[in-house]
Amino acid sequence: MYIAPTNTDHLLSEAEKENLYQKLIEQINKDFNLANEGIDFHSSTSPEELKVQLYEKIYRLIQYKFAEYLNLLYIIDVPEDQVKKLDGSDIMELSEQVAFLILKREWMKVWFRNKY
């Protein structure tokens, strides 16, 4: 049964535990490329590096390429209501929260594809 992770670290450790971390990286790369926001996480990227680089990428998109940021959320299929619930007063914190929503959605895709 799918249990939604509560935070980024929990999600990444769950992906590693289920041997799906590599597939998660592939899914992230695929969806970012579909949105024309190329990101290239290598298979050797550690969970900590992935987290930091994803936070930075989202931060830059929010700051400088907002239309592309919205397009990325649409392509990844991040639920709009969850994004609207976030507090946008601190962009650094917002980028971390959005990165978690992205990871959560990507993880759901990978997990379901693997199980069914």
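Coordinate-derived values only; no laboratory data. Predicted model only: the values in this text are computed from it and were never measured. Neighbour counts are summed over all protein chains in view; Cβ atoms, including those assigned to glycine, are modelled from backbone coordinates with ideal geometry.
Key figures for this structure:
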quantity: Residue within region 80-91 that is in contact (Cβ under 8 Å) with a residue 12 or more places away in the chain, closer than 18 Å to residue 10 by Cβ and among the polar types (S, T, N, Q) present; calculated: yes
quantity: Filter result (surrounded by fewer than 16 Cβ atoms within 10 Å (Cβ to Cβ), outside any helix (DSSP H, G or I) and on the phi < 0 side of the Ramachandran plot) within region 2-26; calculated: 2, 3, 4, 6, 7, 18
quantity: Selection count, region 36-60, where residues are under 13 Å from the mean Cα position of the chain (by Cα) and not charged (D, E, K, R); calculated: 10
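Okay, residues lined up against (1) buried (at least 18 other Cβ atoms within 10 Å of the Cβ); (2) within 17 Å of residue 6 (Cα to Cα):
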site: 36; (1), (2): no, no
site: 39; (1), (2): no, no
site: 43; (1), (2): no, no
site: 61; (1), (2): yes, no
site: 66; (1), (2): no, no
site: 76; (1), (2): yes, no
site: 94; (1), (2): no, yes
site: 115; (1), (2): no, no
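This table checks each residue for (1) without any contact (Cβ under 8 Å) to a residue 40 or more places away in the chain; (2) assigned to a helix (DSSP H, G or I); (3) of a type outside the set (A, V, I, L, M).
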residue	(1), (2), (3)
28	no, yes, no
32	no, yes, yes
40	yes, no, yes
54	no, yes, no
58	no, yes, no
63	yes, yes, yes
69	yes, yes, yes
